[in-house]
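Derivation of every value follows stated rules applied to the coordinates shown; laboratory data play no part. For clarity, every value in this text was computed on a predicted model and none was experimentally measured. Don't worry about glycine lacking a Cβ; one is built from the backbone with ideal geometry, like all the others, and counts go over all protein chains shown.
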Amino acid sequence: MSDPRVELQAEVDVPRKALYDLVATSEGLASWLDEVEFRPEVGAPVRFRMREAQAVGEVVAVDPPQHVSWSLDWPEGPIGTLSVVAFDLVDHGRRTHITVRQVGFRTRAQRDLHEELWRYWFARLLEAARRVVGADVTAAGATTALGTSTGEPPTGAGSLP
């Protein structure tokens, strides 16, 4: 597989700390995921519900307000290898550059499914930023348009990988 990761990026017209709270606190994550159990402490368990799928893992790293990451797997259909999701936030003047990256896929099909899923959930995160802080958000860099989360998740988003 030539690129075994998923990576999405955006520029958000909001201070990094406010955006960090959306990806590194239980309340922030709950504003764009369906259900959340999360503590920003290394080693703490995480559990997310994304439509009818459950994801579990543990917090790997916390470096406020610039980085948070956790391991991620699907109990009903395991990826079969360690997979890690990381959010990185970088100040760009009044704006913040946010990157979500997931690594650790065994097959191109797993990577492609997770890219489709992250496009949907990342769009929901950006909508939460707009809603919570009135942010101006634009897609950036290495990805195509993020789409919208006003409709249903992409095919496979409610099923396991």
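Given N residues in region 5-139, what is its alpha carbon radius of gyration divided by 2.2 N^0.38 Å?
Against the compact-globule rule of thumb, the ratio is 0.99.
Grab the beta carbon distance between residue 81 and residue 42, set R0 = 22 Å, and tell me the FRET efficiency rounded to 0.05.
Once the sixth-power term is evaluated, E becomes 0.60.
Would you please put 121-131, 62-72 in order of how densely packed they are, using the mean number of other Cβ atoms within 10 angstrom per residue and starting with the highest?
Packing proxy ranking, top to bottom: 121-131, 62-72.
About its Cα centre, what dipole magnitude does region 5-139 give when the only charges are +1 on Lys and Arg Cβ and -1 on Asp and Glu Cβ, stated in debye to the nearest 20?
220
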